[in-house]
Structure formats: structure tokens, C-alpha cells
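The values are calculated or read from the model by the stated rules, or taken from the named source; none is laboratory data. Computed from a predicted structure; not experimentally measured. Cβ: placed from backbone, ideal geometry, glycine included. Neighbour counts: every protein chain shown. For accessibility, only protein heavy atoms count, side chains too; no ligands or nucleic acids. Shrake-Rupley method; radii C 1.70, N 1.55, O 1.52, S 1.80 Å.
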Amino acid sequence: MNVDLIFKIASIGILTAVLHMVLDKAGKEEFAFITTLLGVVLVLGIVLKYISQLFSDIKTLFQLY
């Protein structure tokens with residue numbers, strides 16, 4: 001795992017937090033919630049690839065089928 005992944009996740013989190021605050025202050029709570037949910041789903045999609053690779057490596061290491 002490299003540092004680029006951490007920076008990518010952190011930048012998505014910061015951008016999501018700023019957008020949530022701006023939309024919340026503007027009275028658009030529904031859009032703020034959708035923005036936060038979209039940020040969480042986006043990060044989960046990025047991390048899911050690495051979690052899948054981790055389980056595959058564990059199966060290979062212990063020779064599980």
C-alpha cells in the first residue's frame with residue numbers, strides 16, 4: 001500500500017466535509033446528506049479493491065479453496 005491511497009482518501013474526506021458544511025449552512029440538508037453518503041460510498045469503493053486483494057492473499061497463504 002502506498003501513500004497515494006491515504007492522500008486520496010483524505011482529500012475525498014476533506015472535500016466531502018467542506019461540501020457538507022456549505023450545503024448545511026445554505027439550508028440544503030438533504031443535499032448535504034447525499035453528499036456525505038456519496039463520499040462514504042466512493043471511499044468504500046476504493047478500499048473494497050484492497051480488501052478483496054487482502055482476502056485473496058490470505059486464501060493463497062493458507063491454501064484455502
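Please work out which one of (1) open to solvent by less than 100 Å² (accessible area, probe 1.4 Å); (2) under 14 Å from the mean Cα position of the chain (by Cα) is the condition V22 fails and give its number.
Status for V22: all satisfied but (2).
Cβ-Cβ below 8 Å, separation at least six or inter-chain, first residue in segment 36-65 and more than 13 Å from L5 (Cα to Cα), second surrounded by 10 or more Cβ atoms within 10 Å (Cβ to Cβ) and among the small types (G, A, S): which pairs?
Pairs found: G39/G13.
Of the conditions (1) of a type outside the set (D, E, K, R); (2) open to solvent by less than 70 Å² (accessible area, probe 1.4 Å); (3) not in a loop (DSSP other than H, G, I, E, B), I34 clears all except one; give me its number.
Answer for I34: the failing condition is (2).
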